[in-house]
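Structure first, then comments.
The values are calculated or read from the model by the stated rules, or taken from the named source; none is laboratory data. Keep in mind the model is a prediction, meaning the values are calculated, not measured. Cβ placement follows ideal geometry from the backbone for every residue including glycine, while neighbour counts extend to all protein chains displayed.
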Amino acid sequence: MHAEEGKMTESLKMNMLLEALPKESATDPTGKRLAKLITSISNKKAPVNTFARIWILGSLQAKVTAGYFAYWLRSRFVDADKKQRLKSAAHLNAALQLFGAMGYLRGAVMKVGQMLANLPEVVPEEFAEVLSALHFEAPPMHFSMVREVFLDEFGCEPEEVFAHFDRQAFAAASLGQVHRARLHSGEEVAVKIQYPGIARTIKADLRNLRLLLQPMCLTKDWQDTLTKLADIERMLLMETDYEQEARFGKEARTLFTDADRIAVPRVYDDYSTKRVLTTEYLRGCHLNELLVTEPSQSERDLFTHLLTVATFRVFYRQHWLPADPHPGNFIFMDDGRLGLIDFGCTLVLTDEEWLFSNEPIQAVFDRDEPRLDRAIAKACLFDNPQEMTTDHLDTVRRGFLWFMEPWVKEGVFDFGDREFFLRGIDNIMEMTRKRYTRSVPMTIWSNRFTLGGRAFCYKLKGRCEFRKIYKQESASPGSSQTSLMPQTEES
Amino acid sequence: MRISEQSKQENRDRILEKAAELFTIKGFEDCTTRDIALASGLATGTLFNYFPSKETLAMTMVSEALGQGREDFQRRRTGEEDLSEELFLIITSGLRRLRPLRPFLGPVLERSLSPFPRKNICPEGEAARLEHLAAVQEVIGRHGFADAPDYVAMTIYWSLYLGILAFWTNDPSPNQEDTRALIDYSLQVFVQVISGAGSDRGEAHAR
């Protein structure tokens with residue numbers, strides 16, 4: 001009886017999986033072959049050659065994600081000759097197996113799977129959820145594990161380092177967890193601790209994944225994908241370097257005054273190492289907790305304003321892209337200030353990247369369409385717009401103009417506008433579907449930054465005078481350049 | 001000539017100290033009892049009065065380190081740990097004390113703690129094993145497992161423990177942090193076996 005029930009659920013699951021998977025009209029119209037491949041792979045027990053492997057991606061949502069991943073990869077070599085196709089298929093299998101074992105992607109993969117299973121009727125709320133889940137997770141550490149990390153990093157126990165140390169973590173951080181503590185001098189602090197060895201596991205996995213995907217390289221676009229994967233690896237590994245994060249945090253702290261109502265917690269160097277980061281504790285809550293309290297519109301607007309000021313400030317003064325707009329990185333403080341607590345994933349733009357990223361923005365302000373098209377072509381790795389198809393150019397241009405909407409609109413901009421957010425998502429989906437994904441690596445960072453920020457403000461249903469803030473921040477003393485606004489508009 | 005208890009103790013300590021130095025420099029296998037006697041300023045015959053073999057000498061160090069580790073464990077445990085966390089603490093406290101000996105420990109542990117049937121059982125090794133298992137049984141008892149764990153459970157535990165030791169002696173990661181994760185997961189497996197409980201697959205964390 002039990003066995004039959006088990007079978008029933010299995011076949012039910014299989015049907016759901018079949019429903020949710022993409023179909024290749026020519027070779028696999030029912031999607032059965034693909035479903036079989038994914039099921040056989042994700043049911044295999046992953047060899048536990050590193051500890052993080054105990055979390056395998058066995059869930060239905062993970063299978064759906066893996067299915068899309070496989071579909072997308074396979075579509076790249078459908079037209080290849082038989083020999084190449086077989087070789088690529090073998091590599092695809094190995095890549096999927098590895099993917100199935102990357103347990104620290106669990107949360108992200110499940111959220112992506114949920115979204116994909118609901119295609120094409122994805123609602124903006126779902127998309128916003130997915131964006132907020134795109135980060136690595138580490139298994140929780142019990143207190144005895146934390147103590148071992150402390151003995152290695154400081155040579156003594158947490159209770160000796162601090163006057164008080166909470167045994168229980170109060171928040172999960174990417175790749176680690178955060179504990180509250182009090183210094184001997186009385187200050188309340190947040191202590192972020194990294195899970196031992198997880199950075200090396202991720203590094204090794206991503207390198208292996210790249211090696212497996214390499215021989216499947218058939219087109220120029222594919223090479224671009226691999227380049228991007230390397231950049232994603234770089235971005236995510238930045239989050240494991242707490243010393244660098246501390247440096248960014250300290251620099252960011254100098255950018256804001258009390259009047260700004262933006263708080264960056266103080267870093268306590270004596271209590272920080274490569275794997276432990278101790279900062280001032282900011283009293284407040286995260287986005288979801290704030291939303292439960294049904295904040296007033298003016299509260300929502302205030303925080304949207306502060307968030308915009310903060311990101312423009314670091315962008316124009318430091319040329320930084322804070323590429324991880326994860327909701328956990330923002331604290332809605334009890335005293336009405338906005339706390340920025342994580343600088344782990346900050347891209348410092350080179351002068352060249354800085355000019356490059358400002359070029360299309362300037363073109364939009366100048367209403368110089370040929371110049372905008374040239375900038376877009378360059379960003380998409382074409383020599384000039386004529387090399388692109390009309391549809392390709394139009395689609396990317398539409399996306400960029402969507403990005404610029406808040407910049408050009410006078411007065412209050414409403415980021416909670418569903419129609420606005422939906423248009424952005426539709427554009428991304430269209431670009432992915434049509435495989436208009438080739439671009440300079442920096443766009444991964446800027447897209448994550450923009451989409452993450454927009455998703456955050458959409459959830460918050462906040463409004464602000466975006467253009468006015470832009471003008472102020474880009475023109476303020478200390479910014480490396482004056483406003484990009486054309487003179488005529490200023491006058 | 002009769003020598004005092006005090007100088008006996010001093011000789012013993014000196015032998016252990018010199019042996020540890022030599023094992024670290026030359027490796028356990030390439031170091032002879034003659035080398036150790038020479039470095040300790042004793043005749044080889046005299047050395048045997050203290051330690052009947054090189055193996056016993058090394059395992060005495062191991063046994064003493066593990067004993068200190070157990071003392072550390074008693075001092076460090078707060079009483080709030082659950083079973084797997086407490087077992088984690090006892091193992092890591094021991095490994096921390098063993099750390100100075102790590103460079104030469106691989107062959108020592110392999111010889112003296114091997115679970116395979118042997119002609120010559122190292123008495124020091126056997127004592128270390130029994131003491132460790134007794135401490136583990138006490139921890140298990142404290143967490144409400146009334147019956148003494150049977151041979152299956154203790155064999156599983158000992159296999160996991162030896163696997164951890166073997167991995168640790170060879171672990172190239174900084175501060176052997178990969179071993180720490182291995183211990184954590186090994187203990188989750190062990191606790192599941194003896195309690196029959198389902199696994200926490202990280203749901204609590206993956207919100």
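The table below gives the values:
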| item | result |
| --- | --- |
| Residue in segment B:35-47 that is touching a residue at least 24 places away in the same chain (Cβ under 8 Å), under 21 Å from residue B:166 (Cα atoms), away from every other protein chain (no Cβ under 14 Å) and surrounded by fewer than 18 Cβ atoms within 10 Å (Cβ to Cβ) present | no |
| Residue match in segment A:240-255 (condition: closer than 24 Å to residue A:455 by Cβ and outside the structural domain of residue A:173 (by TED's automatic domain parsing)) | no |
| Members of segment A:153-194 found to be within 11 Å of chain B (Cβ to nearest Cβ) and not small (Gly, Ala, Ser), listed by number | A:153, A:157, A:159, A:167, A:168, A:177, A:194 |
| Segment B:60-119: number of residues that are closer than 20 Å to residue A:141 by Cβ and away from chain A (no Cβ under 14 Å) | 0 |
| Segments classed as helices (runs of 4 or more DSSP H), wholly inside segment A:41-118, with at least 3 members that are surrounded by fewer than 21 Cβ atoms within 10 Å (Cβ to Cβ), modelled with pLDDT of 75 or more and within 14 Å of chain B (Cβ to nearest Cβ) | none |
| Residue in segment A:134-147 that is touching a Pro at 6+ places or on another chain (Cβ under 7 Å) and either modelled with pLDDT of 90 or more or away from every other protein chain (no Cβ under 13 Å) (or both) present | yes |
| Hits in segment A:278-288 (condition: touching a strand residue (DSSP E or B) at 6+ places or on another chain (Cβ under 8 Å) and outside any strand (DSSP E or B)) | A:281, A:282, A:283, A:286, A:287 |
| Any hit, segment B:152-169, residues being over 18 Å from the mean Cα position of the chain (by Cα), in a helix (DSSP H, G or I), at the interface with another protein chain (Cβ under 10 Å from one of its Cβ atoms) and not hydroxyl-bearing (Ser, Thr, Tyr) | no |
| Any hit, segment A:202-212, residues being assigned to a helix (DSSP H, G or I), of a type outside the set (Gly, Ala, Ser), touching a Ser or Thr at 6+ places or on another chain (Cβ under 9 Å) and within 14 Å of chain B (Cβ to nearest Cβ) | yes |
| Test result for residue A:353, in a helix (DSSP H, G or I) and among the acidic types (Asp, Glu) | yes |
| Checking residue B:141 against (1) assigned to a helix (DSSP H, G or I); (2) surrounded by 14 or more Cβ atoms within 10 Å (Cβ to Cβ), the condition it does not meet | (2) |
